[in-house]
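First comes the structure, then the notes that go with it.
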Amino acid sequence: MRYDSITDAIGNTPLLRIDPAVHGLAHVDLYAKLELLNPFGSVKDRAAWTMAAPRLAEARATGATVVELSSGNTAKALAVIAGMYGLPFTSITNRMKVPEVKDLLLLLGATIEELPGQAECLDPTNTEDPLTRIHRTISESGSAYLHTDQYYNPRNTQAHLDGTGPEIVKDLDGRVPDYFVACVGTAGSSTGVARVLREHDPAVTVVGLVAAKSDFIPGIRNIDEVHEVGLFDPDTYDTIESVSADEAIDGLLALNRRCGVLAGPTGGGAYTGAVRYLRRVDAELAAEAAAGGEPRRRSAVFIVCDRVESYLSYLRRRRPELLHQPARAGAVSTVTAAEADAARTVDVPAAREWITEAQPLVVDLRGTFAYSTAHIEGSVNIVDELFDELLRGGLPFDTGRPVLLACPVGEKSRRYAALLTRMGHTDARSLDGGVVAWRDAGAPLVRT
Ligand SMILES: Cc1ncc(COP(=O)(O)O)c(C=O)c1O
């Protein structure tokens, strides 16, 4: 294979049949679409190139800056592409949660504009969100920017209508898989592939996967965020299921260790989500066979979006034992769902009374921008990642000092309340419904 440009190597990724001894399905052939083998390392190479390519010549003529709201793979691909064309690239993002990706972007020559904010994804319904304000500004400002606009740009989907979808059909000798399973970030890849497969055979079942509630799997949305923005259309999916970060890591280990596929967490999540869904299919087919029928073999495809190497600190934090480090009792990622359910919570009226009577230390876990805009009077701002770090070193407060924890909607704070309780704190409570409920109840907020 000879190329004149590395961008010619984007796409045409292998479709790998997963060994049935690994997945254990008797009646289903499971294939992985190996998007991690794209030249810059992910499925987003296709979208980045398809969105940027038609505009690069003009951008070079006008000296435009390539800009994208991304903290991950799209930014990585665009940083490389912009560099190749002699253009500056700026990645605008809320918080960079994966340090390796940030370092790689800097190495590739990108400028990172890190904004304090609440969510990793753009939320256009929130006019206060700085990401949304910036999105509006760069969309309106003419030729100074080549804004690829991955959350809204139909060329993001087009990359998969032209490439990923047809490649899957071709590699299955013109057949459409019975099931297609993909994690949902901007929804570009799942939407494009699903459309191609349905055009060939409307009977295909499309399973979208998102991260479990208040869980973090880098690169994809969680169930609360998925309806918010962009190219997402619920009609694309026959069903949407969630996977936990733990399931994603289990899948990553199966692919890394048993299949030789060095997948990152979303590839692992797609594998686990696919196998979990297909076990139900397999059981029905087994019952049909047991009743004397001859069930047709089914086929399924899932996408392995990117590579494991960028997520070592994510893995160290969540599963230290994998990297031969002792598990730490003070890590919020170790809080179980049962512990979180058992955490003490207070609703807004009770919290207001408690603040007056017991004067608890109120810890606001939101980003600094959200805090400075509106917070409970007297509260201190310790952004959740920082609080997580702090607790890894031990309890930062006297065990008897009442503490009220507040986050946007009361989910993260609940996990921290559970963690403080586990660590021996006697009165840590979570504000039910978070600062949003406090605001909605008309309780007073102050700004810095
Ligand atoms: C690691 C990873 N997995 C999955 C996805 C989802 O892809 P899409 O944006 O096409 O929905 C992304 C998107 O950025 C990603 O970075």
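The values are calculated or read from the model by the stated rules, or taken from the named source; none is laboratory data. Everything numeric in this text was worked out from a predicted model, so none of it was measured. Cβ sites come from the backbone with ideal geometry, for glycine too, and all protein chains shown count toward neighbours. Quick note on the areas: whole protein, heavy atoms, side chains included, nothing else; ligands and nucleic acids left out. Shrake-Rupley method; radii C 1.70, N 1.55, O 1.52, S 1.80 Å.
Of note:
- Number of the exception - residue 349 against (1) open to solvent by 40 Å² or more (accessible area, probe 1.4 Å); (2) in the same structural domain as residue 427 (by TED's automatic domain parsing); (3) closer than 21 Å to residue 421 by Cα: (3)
- Taking the criterion of being touching a residue at least 60 places away in the same chain (Cβ under 8 Å), more than 16 Å from the ligand (Cβ to nearest atom) and in contact with a strand residue (DSSP E or B) (Cβ under 8 Å, 6 or more places away or on another chain), the only residue of region 236-259 that qualifies is 259.
- The residue pairs whose first member lies in region 188-211 and is assigned to a helix (DSSP H, G or I), whose second member is of a type in the set (Ser, Thr, Tyr) and within 9 Å of the ligand (Cβ to nearest atom), and whose beta carbons are closer than 7 Å, counting only pairs six or more residues apart or on different chains, are 188/157; 191/157; 192/157.
- Only one of the listed residues (198, 155, 175) is open to solvent by 10 Å² or more (accessible area, probe 1.4 Å), modelled with pLDDT of 90 or more and within 16 Å of the ligand (Cβ to nearest atom). That residue is 155.
- Filter result for residue 71 (in a loop (DSSP other than H, G, I, E, B), open to solvent by less than 40 Å² (accessible area, probe 1.4 Å) and not assigned by TED's automatic domain parsing to the domain that holds residue 262): yes
- Taking the listed residues 4, 8, 29, the one that is in contact with a Ser or Thr (Cβ under 7 Å, 6 or more places away or on another chain), more than 22 Å from residue 309 (Cα to Cα), away from the ligand (no atom under 12 Å from the Cβ) and acidic (Asp, Glu) is 29, with no other qualifying.
- Options 82, 57; residue that is open to solvent by less than 40 Å² (accessible area, probe 1.4 Å), more than 16 Å from the ligand (Cβ to nearest atom) and outside any loop (DSSP other than H, G, I, E, B): 82
- Meets criteria (assigned by TED's automatic domain parsing to the domain that holds residue 433 and closer than 21 Å to residue 214 by Cβ) for residue 371: yes
- Scanning region 383-410 for residues that are more than 20 Å from residue 424 (Cα to Cα) and assigned to a loop (DSSP other than H, G, I, E, B) yields 383, 407, 408, 409, 410.
- Checking the stated criteria, residue 392 turns out not to satisfy the condition of being modelled with pLDDT of 90 or more, open to solvent by 20 Å² or more (accessible area, probe 1.4 Å) and not aliphatic (A, V, I, L, M).
- Set 262, 312, 278, 285: member being closer than 30 Å to residue 395 by Cβ and either more than 16 Å from the ligand (Cβ to nearest atom) or not assigned by TED's automatic domain parsing to the domain that holds residue 427 (or both): 312
- Count - residues of region 396-414 that are over 15 Å from residue 381 (Cα atoms) and out of contact with any strand residue (DSSP E or B) (no Cβ under 8 Å at 6 or more places or on another chain): 5
- Condition met for residue 144 (at pLDDT 80 or above and surrounded by fewer than 18 Cβ atoms within 10 Å (Cβ to Cβ)): yes
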